[in-house]
Amino acid sequence: MDHMTSSSRTQWISGITVIVALFVLPVLLNEFGRTGEYWIWVSTEMIIMALFAMSLNLILGFGGMVSFGHAAFFGVGAYTVALLTKKADIPFYLALAAAPLTAAITAAIVGWFCVRLLGLYFAILTLAFGQLLYMIVFQWYTFTGGDDGILGIPRPEIFSPTNFYWFCLVLFLICFFVMRMIVSSSFGLSIKTIRENMERAKFIGINVRRYQLLNFIVAGAFAGLAGGMLAELNRFAQPDFLHWSESAEPILASLVGGMYSLAGPAIGSTVLIFLKIFLQQIHPSMVELWAIVLGAAILVVVLFAPSGLVGLYQNICKKFQS
Amino acid sequence: MATPILSVENLSKSFEGNQIFSNVSFSVDQGELSAIIGPNGAGKTTLFNLITGALVPDKGKIIFQGRNIVGMEPFDVVRLGMARAFQRTNIFPKMTVFENIVITIITRLRGNLRIFKRWNSSKKIERQAFEILESVGLAEKAHQLSGTLAHGNQKRLDIGVALALEPKLLLLDEPVAGMSPDERWETVELIKELWKKMNITMVFIEHDMDIVFGISQKVRVLCYKSLLAQGPPNEISANKQVIEAYLGEEV
């Protein structure tokens with residue numbers, strides 16, 4: 001037991017250090033003028049995408065359900081903020097609060113059908129629903145602006161780049177702790193139990209579909225919040241937010257970061273965005289290499305660190321201890 | 001006379017035109033410890049699948065504690081008080097032994113929706129889990145990943161998971177399959193002890209005739225798509241039809 005408390009203490013200390021560093025980061029970046037401001041914007045995007053990746057991992061890593069349509073809920077959240085602020089003049093905070101709700105409702109409808117299927121069939125159906133929603137948004141010019149998207153989302157005056165960064169960071173941390181609470185609760189254990197052995201889960205009395213659906217809705221709600229935040233960061237919403245390629249990003253992030261830990265997908269997402277921007281900064285034409293770099297990174301992870309960066313880190317820690 | 005806890009009435013089931021059962025009827029008395037035997041392919045496991053709701057019969061009724069449970073989902077049947085342990089070990093391999101039992105207790109108490117407290121925060125559930133682990137002899141391995149247990153211990157855990165449901169009727173599908181001879185008798189003793197102590201009705205499927213005739217009060221023989229015979233072990237081992245069909249000459 002002593003060992004456990006000491007390791008959880010180091011966990012808390014390193015966690016608090018990271019949080020403090022994240023809060024101080026924009027203050028430091030502000031010293032670097034325009035480049036600094038750009039990196040504040042990038043860091044804000046990283047935080048938002050980290051939340052999106054973690055939301056997917058509730059169903060992917062903890063629930064064992066592969067969804068190729070998670071971006072649909074992300075996009076619904078983004079369009080909720082865009083439409084409510086732009087067309088209904090609702091204040092940003094209220095619009096952002098509505099984003100997880102509309103995303104959750106969408107997830108409830110989509111999920112109700114999807115959880116009836118298993119494995120690959122489930123994945124394909126999520127893909128189909130995701131693309132269906134994408135096409136609706138893409139073509140419904142009078143409501144969603146079609147392929148133009150919705151531009152010029154108003155920005156509350158208080159949100160300087162630094163303030164908006166802090167705002168997103170606080171929201172992210174709240175979500176992080178809520179998700180942490182969820183995965184370590186009885187509900188979280190039920191979800192893991194279903195992942196481990198769905199058949200047996202039924203025979204201990206778990207209504208498998210119901211808990212898969214609930215988990216799907218919760219994950220959708222967090223994705224919707226992340227989408228709403230991204231709409232505000234970019235000040236636009238576009239159909240691409242719902243596209244299946246957007247759904248792939250949190251999957252890759254979870255693979256790279258490690259899908260059996262809470263923070264893994266967030267770390268994976270941040271690393272991938274950093275790599276991409278880093279390539280861009282070396283030379284704009286290097287972006288064309290991105291697919292190759294990404295492919296190589298995934299290959300290395302799958303072959304040599306199947307439990308992702310977090311798993312790798314844990315293994316190294318174990319080696320040093322023994 | 002004891003009242004039946006389970007009655008199967010005119011049960012029929014076929015797969016793609018292959019008749020597995022036709023008009024099987026029997027009833028299991030409250031508190032009995034009984035066995036189901038039959039040659040390979042006689043449909044013993046299928047019978048358990050039908051009783052527990054994993055399969056839906058083509059025809060017939062399954063009355064559990066006075067209620068027809070045909071068409072109910074397995075998780076609802078479990079909640080009525082029927083548990084089962086599996087022929088091929090069926091546990092949650094990447095969870096610890098302790099977690100396997102605790103999630104079962106949480107589910108029995110219908111606490112799966114609790115999100116504000118950690119799953120391991122209840123001392124009461126922890127105590128219950130350890131009582132169960134003691135009773136199946138796995139308390140010392142509580143914090144081991146269950147997938148890393150030896151085969152025999154995994155089967156015991158499977159039984160432990162079933163017990164954590166506090167069932168009124170427990171179906172055991174070849175509880176000692178794949179075990180060494182020593183382990184077998186240990187487990188058989190364990191089952192008998194649990195049956196005596198916990199006042200559960202138990203029905204088990206088994207191939208080992210020494211075990212079947214050693215501990216069961218009643219034996220049912222499945223053969224030729226139907227129930228060939230049922231009765232106390234001494235009657236069954238003397239039954240001509242059963243000997244011809246299944247047991248062979250030397251019994």
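Key figures for this structure:
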{"quantity": "Selected residue (criterion: nearest to B:T46 (Cα to Cα)) from residues of the stretch B:60-84 that are more than 9 Å from chain A (Cβ to nearest Cβ) and in contact with a Pro (Cβ under 7 Å, 6 or more places away or on another chain)", "calculated": "B:V70"}
{"quantity": "Residues of the stretch B:142-189 satisfying the condition of being within 14 Å of chain A (Cβ to nearest Cβ), crowded, with 19+ Cβ neighbours inside 10 Å and of a type in the set (D, E)", "calculated": "B:D158, B:D173"}
{"quantity": "Residues of the stretch A:144-154 satisfying the condition of being assigned to a loop (DSSP other than H, G, I, E, B) and surrounded by fewer than 17 Cβ atoms within 10 Å (Cβ to Cβ)", "calculated": "A:G152, A:P154"}
{"quantity": "Test: residue in the stretch B:3-15 that is under 22 Å from B:P175 (Cβ atoms), in contact with a strand residue (DSSP E or B) (Cβ under 8 Å, 6 or more places away or on another chain), of a type in the set (S, T, N, Q) and surrounded by fewer than 19 Cβ atoms within 10 Å (Cβ to Cβ)", "calculated": "no"}
{"quantity": "The stretch B:224-244 residues that are more than 19 Å from B:S25 (Cα to Cα) and surrounded by fewer than 16 Cβ atoms within 10 Å (Cβ to Cβ), paired with ones that are at pLDDT below 85 and of a type in the set (D, E, K, R) (beta carbon under 8 Å, 6 or more apart)", "calculated": "B:I243/B:E249"}
{"quantity": "Total residues in the stretch B:86-122, condition farther than 22 Å from A:I182 by Cβ and either facing another protein chain (nearest Cβ under 9 Å) or surrounded by fewer than 16 Cβ atoms within 10 Å (Cβ to Cβ) (or both)", "calculated": "5"}
{"quantity": "Residue selected from the stretch A:155-187 under the condition more than 14 Å from chain B (Cβ to nearest Cβ) and loosely packed, with under 13 Cβ neighbours inside 10 Å, by the criterion farthest from B:I106 (Cα to Cα)", "calculated": "A:E157"}
{"quantity": "Qualifying residue in the stretch A:77-92 (condition: within 28 Å of A:S261 (Cβ to Cβ) and surrounded by 14 or more Cβ atoms within 10 Å (Cβ to Cβ))", "calculated": "yes"}
{"quantity": "Only one of B:M198, B:M202 that is surrounded by fewer than 20 Cβ atoms within 10 Å (Cβ to Cβ), within 18 Å of the chain's Cα centre (by Cα), closer than 27 Å to B:F92 by Cα and among the aliphatic types (A, V, I, L, M)", "calculated": "B:M198"}
{"quantity": "Test result for A:G36, over 30 Å from A:S190 (Cα atoms), of a type in the set (G, A, S) and at pLDDT below 95", "calculated": "yes"}
{"quantity": "Residue satisfying all of: in the stretch B:123-140; of a type in the set (V, I, T) and outside any loop (DSSP other than H, G, I, E, B); farthest from the other protein chains (Cβ to nearest Cβ) among these", "calculated": "B:I132"}
{"quantity": "Residue match in the stretch A:230-252 (condition: β-branched (V, I, T) and farther than 23 Å from A:F62 by Cα)", "calculated": "no"}
{"quantity": "Residue list for the stretch B:192-242, filter: closer than 21 Å to B:Q87 by Cα and among the small types (G, A, S)", "calculated": "B:G214, B:S216"}
{"quantity": "Out of B:G111, B:G53, sole residue that is in a loop (DSSP other than H, G, I, E, B) and over 15 Å from the mean Cα position of the chain (by Cα)", "calculated": "B:G111"}
{"quantity": "Unique match (being in contact with a strand residue (DSSP E or B) (Cβ under 8 Å, 6 or more places away or on another chain) and in contact (Cβ under 8 Å) with a residue 60 or more places away in the chain) among B:L33, B:L50, B:L55", "calculated": "B:L33"}
{"quantity": "Helices (runs of 4 or more DSSP H) fully within the stretch A:1-109 counting 3 or more residues that are in contact with a strand residue (DSSP E or B) (Cβ under 6 Å, 6 or more places away or on another chain) and touching a residue at least 40 places away in the same chain (Cβ under 8 Å)", "calculated": "A:71-86"}
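The values are calculated or read from the model by the stated rules, or taken from the named source; none is laboratory data. Predicted, not measured: the structure shown is a model, and the values here were computed from it. Don't worry about glycine lacking a Cβ; one is built from the backbone with ideal geometry, like all the others, and counts go over all protein chains shown.
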